[in-house]
There are 2 protein chains.
Amino acid sequence: MTEIIYTTYPVEGLDKVLNGIDYDSLFVITDSNLKKILFERRPDIGSYLESISSDIITFPEGECNKNISTVCDLWTLLSERGASRKSVIINLGGGVTTDMGGFVASTFKRGLRYVNVPTTLLSMVDASVGGKTGIDFAGLKNEVGTFAFPIATIIDTDLLKTLPSLQVLSGMGEVVKMTMLRSRQDYVSLIKDFFATDDIIRKCVEWKKEITEADSNETGLRKLLNFGHTAGHAFESILTERGTNDVSHGMCVAHGIMVALLLSKFLMGFPSERIYEYKTNILSHYRMLPISCKDRELIVDKITHDKKNSAGCMRFVLLKDIAAPEYDVPVSRDDLESALDVYLMNEF
Amino acid sequence: MTEIIYTTYPVEGLDKVLNGIDYDSLFVITDSNLKKILFERRPDIGSYLESISSDIITFPEGECNKNISTVCDLWTLLSERGASRKSVIINLGGGVTTDMGGFVASTFKRGLRYVNVPTTLLSMVDASVGGKTGIDFAGLKNEVGTFAFPIATIIDTDLLKTLPSLQVLSGMGEVVKMTMLRSRQDYVSLIKDFFATDDIIRKCVEWKKEITEADSNETGLRKLLNFGHTAGHAFESILTERGTNDVSHGMCVAHGIMVALLLSKFLMGFPSERIYEYKTNILSHYRMLPISCKDRELIVDKITHDKKNSAGCMRFVLLKDIAAPEYDVPVSRDDLESALDVYLMNEF
């Protein structure tokens with residue numbers, strides 16, 4: 001449903017997509033900071049967007065702005081500048097931009113077509129493929145959103161070269177997650193060398209595309225992608241509410257995976273030595289989360305509210321082993337509390 | 001895609017739908033006024049909703065509340081009361097409720113299932129079938145929304161018996177519109193007797209279901225349903241902004257149809273005598289709109305901004321004759337101004 005274009009020159013990819021469709025106007029949604037930095041570093045992108053008469057709409061950067069207030073600002077700008085149903089929106093940026101820009105596009109005039117041009121590792125392998133759009137609401141991540149596929153996603157790993165290391169680390173959380181779900185061999189190479197090669201990125205994107213197109217509404221297989229996210233989202237939500245700086249999605253996922261691995265050991269016989277291996281070779285790249293034993297009840301509460309959980313019943317994606325996942329595994333409050341105890345006492 | 005249940009006892013229809021699906025909690029979205037009136041007149045409905053442990057969420061009645069602020073309140077209530085992805089929402093009310101409730105359902109946690117129980121003629125024949133959800137934004141009707149089909153719509157014409165005449169008139173606008181598009185014979189009976197029989201209501205609902213399921217995203221045939229709405233929405237939007245009381249959707253559509261018929265005469269050879277017939281036997285049931293020649297430019301501006309029009313090019317649904325419609329007919333600014341001149345000078 002979504003065309004994925006791999007290129008080392010995003011302008012070329014965009015040009016290919018835009019030449020193949022009929023539209024009457026183009027809007028680029030990006031954050032003000034990226035616009036400044038990217039257009040300085042890559043003047044070709046700025047010139048191209050100017051040459052196709054696109055209207056660039058910006059919002060203030062940051063996950064804290066991924067909310068309904070920013071969405072209203074973007075809807076207003078689109079309305080004022082005459083966006084029609086035949087307009088196309090280009091989301092240029094990281095996960096905040098592709099998630100929120102996709103939501104804006106999918107709801108303005110009941111849905112405009114949109115293209116994602118991810119500029120971070122995280123949004124390449126995760127947010128920009130699969131058709132999930134969303135914003136945070138009432139203190140919960142992506143509590144409001146839609147399922148709406150972009151017409152195309154342009155993957156240009158060259159854009160990652162100047163990415164700050166903290167953002168690369170964040171993307172690596174998702175790369176690790178997908179690799180643990182799908183390939184023992186690729187996981188071994190990540191254990192040896194904690195780096196997302198073009199080949200690994202491509203495999204992650206293709207795998208995500210395949211899974212999400214087979215199960216776009218998350219009734220089955222797609223649930224696998226939530227591996228590490230149940231606890232990860234709870235951590236992220238708590239830390240965001242506390243205003244903690246430098247908390248990235250991928251970092252929370254990396255820690256969420258540790259909770260999932262502990263549960264996997266208790267409930268699915270996941271080998272202990274692999275937990276040690278994960279801790280030593282993967283989690284060690286991330287700093288400790290400022291979360292303590294005192295937060296245990298809050299974490300459990302957040303997980304109970306996770307949109308993937310029906311009221312009163314928690315379900316996790318767990319692993320029998322690397323590349324042997326199971327979704328919808330029921331987890332009791334006791335099990336979860338035990339896993340959190342081990343996690344919190346070990347201060348990973 | 002949507003099951004339509006005709007019943008003379010809505011509780012029976014709801015029971016049938018709910019017995020056929022798996023859910024963990026039920027939420028009813030309705031306006032505070034309807035809740036009071038309906039539960040007084042039909043205690044069976046109140047008792048039933050209580051017996052199935054549904055959680056009733058209300059918002060202040062009125063089109064002026066069909067906005068993002070009310071949507072945020074409803075999302076918040078759902079979140080606080082623990083709605084999950086397995087929850088089902090029942091929209092009980094008129095078009096404002098089914099449009100906005102559908103939008104809330106389709107965006108909360110990326111989409112919950114919902115059932116429409118329309119309580120007005122307008123929402124029975126129009127809003128509750130076809131999967132269009134929406135709210136008004138930036139002074140434009142349904143500027144924000146989604147395409148999301150209810151799992152079922154319960155049609156109980158018994159609910160209409162106590163409907164105020166102004167609301168019946170509003171619904172008749174849509175009944176007339178659909179009948180003009182689909183059947184010369186039924187139109188003749190409406191000309192003779194301006195009343196929506198159960199038979200006509202059922203035919204309208206079935207026809208709308210058929211058309212909207214064949215073309216859910218409005219790329220072709222579905223556009224027919226916009227007949228009378230291009231000018232009608234402009235009227236409605238202008239009068240709502242001015243705070244004019246008692247302006248109903250159907251009344252604006254009835255007047256919008258007159259503009260479309262004048263254009264149909266200019267551009268498609270629609271017979272003059274039928275315009276006279278429409279004026280005498282249909283439009284005469286509605287009062288004049290408080291719109292004057294001074295508003296001509298404003299109307300044209302609103303129409304140019306209509307979400308169905310690509311920038312710079314206006315397209316209307318016009319009739320060659322009754323039951324012989326065409327969509328996407330290009331209309332120049334000159335043509336539209338001429339039609340509006342005739343309409344405004346005649347003070348219909």
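The values are calculated or read from the model by the stated rules, or taken from the named source; none is laboratory data. Nothing here was measured: the structure is a model prediction, and the numbers come from that model. So basically every Cβ, Gly included, is an ideal-geometry build from the backbone, and we count neighbours across all protein chains shown. In case anyone asks, the SASA skips ligands and DNA or RNA and just uses the protein heavy atoms, side chains included. Shrake-Rupley method; radii C 1.70, N 1.55, O 1.52, S 1.80 Å.
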Report the calculated FRET efficiency for B:Ala324 and B:Asp73 (r = Cβ-Cβ distance, R0 = 30 Å), to the nearest 0.05. 0.10
When the Karplus curve 6.51 cos²θ - 1.76 cosθ + 1.60 is applied with θ = phi - 60°, which whole-Hz ³J(HN,Hα) does each residue of the stretch A:8-16 get, with x for Gly and Pro? 10, 7, x, 4, 5, x, 4, 4, 4
Can you give me the accessible area per residue for the protein assembly as shown, using a 1.4 Å probe, in Å²? 38
So which trypsin sites (Lys or Arg not before Pro) in the stretch A:109-172 pass both tests, a DSSP loop state and at most 14 other Cβ atoms within 10 Å of the Cβ? A:Lys161
To the nearest 10 degrees, the tilt of helix B:296-305 (Cα long axis) against the first principal axis of the alpha carbons of chain B is 50
How big is the antiparallel share of DSSP beta bridges in the protein assembly as shown, given as a percent to the nearest 5? 35
In nm, what is the difference between 0.36 nm times the number of residues separating A:Ser216 and A:Lys161 and their Cα-Cα distance? 16.7 nm
Relative contact order of the stretch B:153-293, pairs being alpha-carbon contacts under 8 Å that are 6 or more residues apart, as %: 27
Size of the dipole of the stretch B:79-228 about the Cα centre, Lys and Arg at +1 and Asp and Glu at -1 on the beta carbon, nothing else charged, in debye to 20? 400
Whose amide H sits under 5 Å from the amide H of A:Ile282, counting only residues 5 or more places off or on another chain, with H placed in the peptide plane? none
Write out the chymotrypsin sites (Phe, Trp or Tyr not before Pro) in the stretch B:45-124 meeting two conditions: DSSP loop, and at most 12 other Cβ atoms within 10 Å of their Cβ. none
Angle in degrees between helix A:198-214 and the longest Cα principal axis of chain A, rounded to the nearest 10: 90
Would you mind checking the tilt of helix B:229-241 against the longest principal axis of the Cα atoms of chain B, expressed as 0 to 90 degrees and rounded to 10? 70
Calculated from backbone phi, Karplus (6.51, -1.76, 1.60) coupling profile of the stretch B:34-47 in Hz, x at Gly/Pro: 4, 4, 5, 5, 5, 5, 6, 6, 10, x, 4, 5, x, 5
Would you tell me the accessible area of B:Leu121, worked out with a 1.4 angstrom probe on the heavy atoms of the protein chains, in Å² to the nearest 10? 10
Do you know the relative contact order of the stretch B:228-348, to the nearest whole percent, from alpha carbon pairs under 8 angstrom that are 6+ apart? 29
Select from A:Asn91, A:Asn116, A:Asn67 the residue whose mean-square fluctuation is largest in a Gaussian network model of chain A (Cα-Cα springs shorter than 10 Å). A:Asn67
With every protein chain in place, the protein assembly as shown: carbon and sulfur % of accessible area (1.4 Å): 50
Kindly report, to the nearest 10 Å², the accessible surface of B:Thr240 as traced by a 1.4 Å probe over protein heavy atoms only. 70
Hey, with R₀ at 56 Å, roughly what FRET efficiency would B:Glu277 and A:Ser32 work out to, going by the Cβ-Cβ distance, to 0.05? 0.45
What residue among A:Ile56, A:Asn33, A:Gly139 has its Cα farthest toward the positive end of the dipole of the stretch A:1-148, where the charges are +1 on Lys, Arg and -1 on Asp, Glu, each on the Cβ? A:Gly139
Given an 8 Å cut-off on Cα distances and at least 6 residues of separation, report the relative contact order of chain A as a percent. 15
To check you understand DSSP bridge types, tell me what percent of the beta bridges within chain B (both residues inside) are antiparallel, rounded to 5. 35
Averaged over B:66-77, how many beta carbons belonging to a partner chain fall within 10 Å of each residue's beta carbon? 2
Per-residue Cβ counts within 10 Å, from other chains only, averaged over B:143-155: what number is that? 3
List every residue whose amide H lies under 5 Å from the amide H of A:Asp31, counting only residues 5 or more places away in sequence or on a different chain, with H placed 1.01 Å from N in the peptide plane. A:Phe59
In a GNM of chain A with a 10 Å cut-off on Cα contacts, which of A:Val253, A:Val317, A:Val188 has the highest mean-square fluctuation? A:Val188
Just to be sure I follow: if Rg is taken over the C-alpha atoms of the stretch A:163-218 and Rh is the Kirkwood radius over the same atoms, what is Rg/Rh? 1.00
How much of B:Val175 can a 1.4 Å solvent probe reach, expressed as accessible area in Å² and rounded to 10? 0
When Cβ neighbours within 10 Å are restricted to other protein chains, what is their mean count per residue of peptide A:102-111? 5
What residue among A:Leu298, A:Leu319, A:Leu122 has the largest mean-square fluctuation in a Gaussian network model of chain A, using Cα springs under 10 Å? A:Leu298
For the stretch B:131-147, 3J(HN,Hα) per residue [Karplus equation, 6.51 cos²θ - 1.76 cosθ + 1.60, θ = phi - 60°, Hz, x = Gly/Pro]: x, 8, 10, x, 9, 7, 8, 6, x, 10, 5, 6, 5, 10, x, 9, 9
Amide H of A:Ala148 versus every other amide H placed in the peptide plane: which residues, excluding those fewer than 5 positions away on the same chain, fall under 5 Å? A:Lys132, A:Thr133
Return the equivalent ellipsoid semi-axes of the protein assembly as shown as a descending list in whole Å, where each equals the square root of 5 times an eigenvalue of the C-alpha gyration tensor. 49, 30, 19
Under the rule of -39500 (n - 2.57) per DSSP H run of 4 or more residues, summed and divided by the residues of chain A, what mean residue ellipticity at 222 nm is obtained, to the nearest 500 deg cm²/dmol? -15000 deg cm²/dmol
Cα-Cα P(r), the stretch B:1-103, percent of pairs per 10 Å interval: 14, 48, 35, 4
What's the whole-number percent of alpha carbon pairs in chain A lying beyond 26 angstrom? 47
Only four residue types carry charge here, +1 at the Cβ of Lys and Arg and -1 at the Cβ of Asp and Glu. Report the dipole size of chain A about the Cα centre in Debye, rounded to the nearest 20. 280
